[in-house]
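Below: one structure, written as structure tokens.
The values are calculated or read from the model by the stated rules, or taken from the named source; none is laboratory data. Computed from a predicted structure; not experimentally measured. Note: ideal-geometry Cβ built from the backbone for every residue, glycine included; neighbour counts use all protein chains shown.
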Amino acid sequence: MHHYPFWKPVTLVIVTLLGALYALPNVYREDVAVQISTTSGDPVPASLGDTVAATLEAKQIVAKGSRLEGNQWIVRFADPETQLKAVDAIKRDLDGQGYVAALNFVSTTPNWLRAIGGKPMSLGLDLRGGVHFLLQVAIEDVKKAAVDRLFNDVPKLLRDKDIRYTGRRKAGESIVIEFADADRLEKARAAIAKDNPDLTLTPPADATAPSLQVTLSEVAAKRLIDDAVEKNLITLRNRVNQFGVAEPIVQRQGADRIVVQLPGVQDPTRVKELLGATATLEYRAVDEAADANAAAASGVIPVGDELFYERGTRRPFLLKRETIASGAELTSATPTIDQESGTPAVSVKLDSSGAKKMLDFTSKNVGKLMAVVYKETEIRTTYNAKGEPIRERKDVQEVISAATIRGVFGAQFQTTGLGSREASTLAQLLKAGALVAPIEIIEERTVGPSLGADNIRRGFSAAVLGLGLVMAFMVIYYRVFGLFAIAALTVNLLLLTAVLSLFQATLSMPGIAGIVLHMGIAVDANVLIYERIREELRAGLKPHQAIDAGYDRAFLTIADANVTVLIGTLILFFLGAGALKGFAITLAIGIVTSQFTAIVGSRTLAHWVFGKRTNLKDLPIW
């Protein structure tokens, strides 16, 4: 005790002061606000402030403050109700001007504190309010689309290689191609294997003639599903960005699920419309040589064609299977008004690949018909008498316009035949990109701002109650050393708050539960130390020796206990999702900080109180 290293108390003081500094932003309450930014990402002009002020004045909405902060214009309000009224008014007035108005929470942290990186903790949806969706990607549709591609691509490859086949059919997740003899089958096998290493080629079990079953390999099928989920993830992020929601969360969960959380959004109806929508466009050539009415009546479709019906009139069209361009090749889409008809339209722009194909097609087909096909997939959930969910899928595929090509065009043109709201929604979807596979909302939660505030109050009360009970026990049972443990625990909570704030880890209700549990684990380290000191005193050691021995000999026991708990939290973090991760993060950070405060913090306090008392005969720990 007399030779206690000087660096330990210095380190404790420095760490405590830094912890207090970076935990300080949480003292300042956040303001509800509307954040206005440009869709291009450029800084907003200073003149926007006058427009916003005029809008709020017209609606008699009072703002706490309105100013340019960074590249965005921030308008602060006193309560969420005023914020919601304001964002609706601002969105209406700025519609079509290249701005995005988003609900947000703005910190009131002083500028000097923000300049050194001080930020309040990021709060989860259950503490802040908003909507939560758990989406499932329709993997079966991905597999079906892969089989459809095989059904078209493999025969085309054989035709290009001049290898004749007598028939083709789909067989589950495979296709079967039949040949006249074994020689042609072997040539086909060699040609397909050379150009397509991801395909598995086997003889079908029910073959009655020389046949080849073509299937995606397991590795390729898994990669296909992963790509579909990742592409849907990117598309959903693009769609979420169009809502203008600040700090959205869009992340993958498991093999085929995606979590979407939108803080501040209270009406999930519009969100569900855009998230789950699969609407896209395809541009196809009309087969004018065939009789569409006869095909619709007989059900016999010419080879290479597909039958579609026109919206409203139900007039049949035979369209070529090959698409000229599709929604995946669109780089821009804007709702507009057709100058000739005065009806709603969507002005689209194609990428270089799509533009080249469109230019080539229109150059060769002036005077012929080209159709625009609107495709959408809806998944509706109903419930039977037992309350079991029944999912029904509805595919909408209809011709919205079929017009004569009057001139050559490529990259930019417009599509008509849509309603006003439909044109606006379709433009948003095309701009964000089409979903690779339909998604279904399997879980939905809405948390109001008041409920979030109530959750914060309840969580804070639970933490305070837990801290109070732990303090009472430690003081009664360990006296002065109990006070050391309480001081160490206080510093520990300060450091935990600082780390969560500094690294912007999201705090949720499970995270608060982790903090409450961590308080017990942190104090447990001091209990081990103090019980060891008691044992050393019983063994006849002097007080100073007992304190040194208690801390030194309990160190490994505390480290072992913390490591085992830390392993459990790491498993929770990597294998869990959502709420479990929040719980694991706070618990793991708390364990690391408690190792420092229990060993260094309480020992430093014991040194300051008892270190210079050379005539110490007993310790107030019995």
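All of (1) in a helix (DSSP H, G or I); (2) surrounded by 15 or more Cβ atoms within 10 Å (Cβ to Cβ); (3) not polar (S, T, N, Q) hold for Leu103 with one exception: (1). In this structure, does Val271 turn out to be hydrophobic (A, V, I, L, M, F, W, C), modelled with pLDDT under 80, buried (at least 19 other Cβ atoms within 10 Å of the Cβ) and closer than 30 Å to Val32 by Cβ? Judged against the criteria, Val271 is a match. Within the stretch 404-438, can you find the residues that are loosely packed, with under 15 Cβ neighbours inside 10 Å and either modelled with pLDDT under 65 or in contact with a Gly (Cβ under 9 Å, 6 or more places away or on another chain) (or both)? Passing the criteria: Thr404, Arg406, Gly419, Ser420, Arg421.
Taking the stretch 146-172, which residues are free of Cβ contacts under 8 Å to residues at least 12 places away in the same chain and in contact with an Asp or Glu (Cβ under 6 Å, 6 or more places away or on another chain)? Listed by number, the list holds a single entry, Gly167. Among the candidates Leu587, Leu580, Leu619, Leu572, the residue that is over 23 Å from Ile14 (Cα atoms) and at pLDDT 80 or above is uniquely Leu587. So how many residues does the stretch 108-123 have that are assigned to a strand (DSSP E or B) and either in contact with a Pro (Cβ under 9 Å, 6 or more places away or on another chain) or in the same structural domain as Arg168 (by TED's automatic domain parsing) (or both)? Total satisfying the criteria: 1. Pairing each residue of the stretch 124-145 that is not assigned by TED's automatic domain parsing to the domain that holds Thr586 with any residue that is outside any loop (DSSP other than H, G, I, E, B) and among the aromatic types (Phe, Trp, Tyr), provided the two are 6+ apart or on different chains, yields C-beta distances under 8 Å for Arg128/Phe105. Restricting Ala453, Ala485 to those that are modelled with pLDDT under 80 and assigned to a helix (DSSP H, G or I) reduces the list to Ala453. Quick check on the stretch 201-218. Is at least one of its residues in a helix (DSSP H, G or I) and modelled with pLDDT of 85 or more? Yes; the residues of the stretch 201-218 include at least one that is in a helix (DSSP H, G or I) and modelled with pLDDT of 85 or more. The set of residues in the stretch 118-136 being surrounded by fewer than 20 Cβ atoms within 10 Å (Cβ to Cβ) and in contact with a helix residue (DSSP H, G or I) (Cβ under 7 Å, 6 or more places away or on another chain) consists of Lys119 alone.
For the stretch 495-508, filtering for residues that are buried (at least 19 other Cβ atoms within 10 Å of the Cβ) and modelled with pLDDT of 80 or more leaves 7. Within the stretch 350-369, the set of residues being at pLDDT below 85 and part of a strand (DSSP E or B) comprises Leu350 only.
Could you check Asn26 against (1) assigned to a loop (DSSP other than H, G, I, E, B); (2) under 30 Å from Ala487 (Cα atoms) and say which number it fails? Looking at each condition in turn, Asn26 falls short on (1).
Yes/no per residue for (1) assigned to a loop (DSSP other than H, G, I, E, B); (2) of a type in the set (S, T, N, Q); (3) modelled with pLDDT of 85 or more:
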| site | (1), (2), (3) |
| --- | --- |
| Ala290 | yes, no, yes |
| Ala294 | no, no, yes |
| Ala297 | no, no, yes |
| Ala325 | no, no, no |
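Scanning the stretch 162-188 for residues that are surrounded by 15 or more Cβ atoms within 10 Å (Cβ to Cβ) and of a type in the set (D, E, K, R) yields Arg168, Glu178, Arg184, Lys187. Does Leu494 count as closer than 18 Å to Leu467 by Cβ, touching a strand residue (DSSP E or B) at 6+ places or on another chain (Cβ under 7 Å), touching a residue at least 24 places away in the same chain (Cβ under 8 Å) and in a helix (DSSP H, G or I)? Considered against the rule, which asks whether it is closer than 18 Å to Leu467 by Cβ, touching a strand residue (DSSP E or B) at 6+ places or on another chain (Cβ under 7 Å), touching a residue at least 24 places away in the same chain (Cβ under 8 Å) and in a helix (DSSP H, G or I), Leu494 comes out as no. Number of residues in the stretch 305-323 that are outside any strand (DSSP E or B) and at pLDDT 85 or above: the value is 2.
For the residues Ile571, Ile589, the requirement of being in a helix (DSSP H, G or I), free of Cβ contacts under 8 Å to residues at least 60 places away in the same chain and of a type in the set (A, V, I, L, M) singles out Ile571.
When Trp7 is tested against (1) surrounded by 11 or more Cβ atoms within 10 Å (Cβ to Cβ); (2) closer than 30 Å to Asp548 by Cα; (3) more than 31 Å from the chain's Cα centre (by Cα); (4) of a type outside the set (Lys, Arg), just one condition goes unmet, and that condition is (1).
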